[in-house]
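I have placed the structure first, in the form of structure tokens, so that the comments after it can refer back to it.
The values are calculated or read from the model by the stated rules, or taken from the named source; none is laboratory data. Fair warning: this is a prediction, and the values are worked out from it, not measured in the lab. Cβ: placed from backbone, ideal geometry, glycine included. Neighbour counts: every protein chain shown. Remember, those area values only see protein heavy atoms, side chains included, never the ligands or the DNA or RNA. Shrake-Rupley method; radii C 1.70, N 1.55, O 1.52, S 1.80 Å.
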Number of protein chains: 2
Amino acid sequence: MAQLVSRNGKRGRGSVAHVPSAPMRVAMVEFFVSLADLAGLPKSVGEIYGLLFFSEKPLAMDEIIAQLHLSKGSASQGLRFLRSSQAVRTVCQPGDRRDFYEPELALRRLAAGWLKEKIGPRLAEGERKLGQLEALIRKESPGLRRMHQHRIGRLRSWQKAGQRIIPFALGLLKG
Amino acid sequence: MAQLVSRNGKRGRGSVAHVPSAPMRVAMVEFFVSLADLAGLPKSVGEIYGLLFFSEKPLAMDEIIAQLHLSKGSASQGLRFLRSSQAVRTVCQPGDRRDFYEPELALRRLAAGWLKEKIGPRLAEGERKLGQLEALIRKESPGLRRMHQHRIGRLRSWQKAGQRIIPFALGLLKG
DNA sequence: GGAAAGGTTCATTATGTATTGAACAAAGTA
DNA sequence: TACTTTGTTCAATACATAATGAACCTTTCC
């Protein structure tokens, strides 16, 4: 427990020099929470990433838990997700058993992962379903078939548009 | 009630010539359900739009309810939403009090509405929050401030990238 | 070995959102 | 006017997903 005190600089003279002010922390966490929400990710994931993004130095899980008031389970799972998405990196610190986390600042890679994991499968699924529809159409009466072909054509052009957006978006983030 | 029979051609010789086959209906509804899910809209909205998209002729609410097995409430609210997004149009039919619905096929307009309503506000909100963060940063110690400025710079470039995607996406759908 | 810290798992609980259906309003119809 | 059809509203319910926290490994340290 003496260790607990020396391990991280949080104690002593009540100094918290390297910790952003409370309103700052709130604002930055909020920012990423709304981003997470947009991306369809759990709030806790946004909170954790937000906290790390503005933290001067890597944080350990127990520090994250303390600052965000979340449960061990949420923190563990949230970090697992962020790790698997390569949104955070694990770093070691000499003389400390804990894992410390650092945000991946090159958000491009992060976005690429998100697009690939979340959007890519959707597009593939859409493709598959369009194929299904086209197969079914062939068995229809000529009148119906004509109309359905036309409408499916519309969907096809959408599908293509969607597919072109991905590389474009990635290009934007490169600059 | 004699009216009920003559009103729509569903009765008589068990003919259902203008109604797509059941597997077709399933496939098309599924397609739009997954699209709705992607867009963060309720499943029922996707179902309704999907049904209309492949229907040869406009459908009334009670027909939609019958084919999709959903409640009056869901149908009413779903149609209200689709109307407000201009994803469907209301059409009248002589000698029938009911409102009939037709899909808006120019999906571009639909997407434009979605981007404007769902994505636009997010970007605006992000802008606001970034401003907030920048204001808070100025009160920080020089060391922290430098780092935060750098990181916020990253977010700014993201924000810009996001804003540029909208017109690009709309352009794609135009062609 | 025993104790404690660090971390994960997962059944339970909480929370937010969609759906339901009954009550209600409006507008014909007889 | 009484009755039916059409459609909306909204409180109650169902459902899906996230958060919780206790039980449980694993590793380190004495």
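Note down the nm distance, to one decimal, between modelled labels 7 Å out along Cα→Cβ at residue B:156 and at residue A:80. The two pseudo-label positions are separated by 3.9 nm. Rounded to whole numbers, the Karplus 3J(HN,Hα) couplings from phi for region B:116-131 are 5, 7, 9, 8, x, x, 4, 5, 4, 4, x, 4, 4, 5, 4, x Hz, using 6.51 cos²θ - 1.76 cosθ + 1.60 with θ = phi - 60°, and x at Gly and Pro.
Classify region A:108-174: rounded, prolate or oblate, from the alpha-carbon gyration tensor (a ≥ b ≥ c, eigenvalue square roots; a/c under 1.5 rounded; otherwise prolate if a/b is larger than b/c)?
Here region A:108-174 falls in the prolate category.
Between residue A:102 and residue B:140, the simple spin-label model (points 7 angstrom out along Cα→Cβ) gives 1.8 nm.
Build a GNM of chain A with springs between Cα atoms under 10 Å: which of A:55, A:141, A:44 gets the top mean-square fluctuation? Maximum among the listed residues: A:141.
Given the rule -39500 (n - 2.57) for each run of at least 4 DSSP H residues, summed and divided by the residues of chain A, what is its mean residue ellipticity at 222 nm, to the nearest 500 deg cm²/dmol? Intermediate values should be presented prior to the final figure.
Values: 8 runs with 115 residues, N = 175.
Value at 222 nm, helices only, nearest 500: -21500 deg cm²/dmol.
For region B:8-156, averaging the sequence separation of C-alpha pairs within contact (under 8 Å, six or more residues apart) and dividing by the residue count gives a relative contact order of 15 percent.
The string of couplings for region A:40-56 from the Karplus curve (6.51, -1.76, 1.60, θ = phi - 60°) is x, 10, x, 3, 4, 5, x, 4, 4, 5, x, 4, 5, 4, 10, 8, 5 Hz, one whole number per residue in order, with x for Gly and Pro. Expressed as a whole percent, the accessible area of chain B that falls on carbon and sulfur atoms is 56 (1.4 Å probe).
Counting only Cβ charges, +1 for Lys and Arg and -1 for Asp and Glu, the dipole size of region B:108-174 around its Cα centre is about 140 debye.
In order along region A:24-31, phi translates into HN-Hα couplings of 4, 4, 4, 5, 6, 5, 4, 4 Hz, rounded to whole numbers, per the Karplus curve 6.51 cos²θ - 1.76 cosθ + 1.60 with θ = phi - 60° and x for Gly and Pro. Amide H contacts of residue A:99: A:61, each under 5 Å away and 5 or more positions distant or on a separate chain (H built 1.01 Å from N in the peptide plane; Pro and chain starts excluded). Compute the angle between helix B:142-174 and the longest alpha-carbon principal axis of chain B, please, reported from 0 to 90 degrees and rounded to the nearest 10. In chain B, helix B:142-174 runs at an angle near 30 degrees to the longest axis. For residue B:104, the residues 5 or more places off, or on other chains, whose built amide H falls under 5 Å of its own are B:88, B:89.
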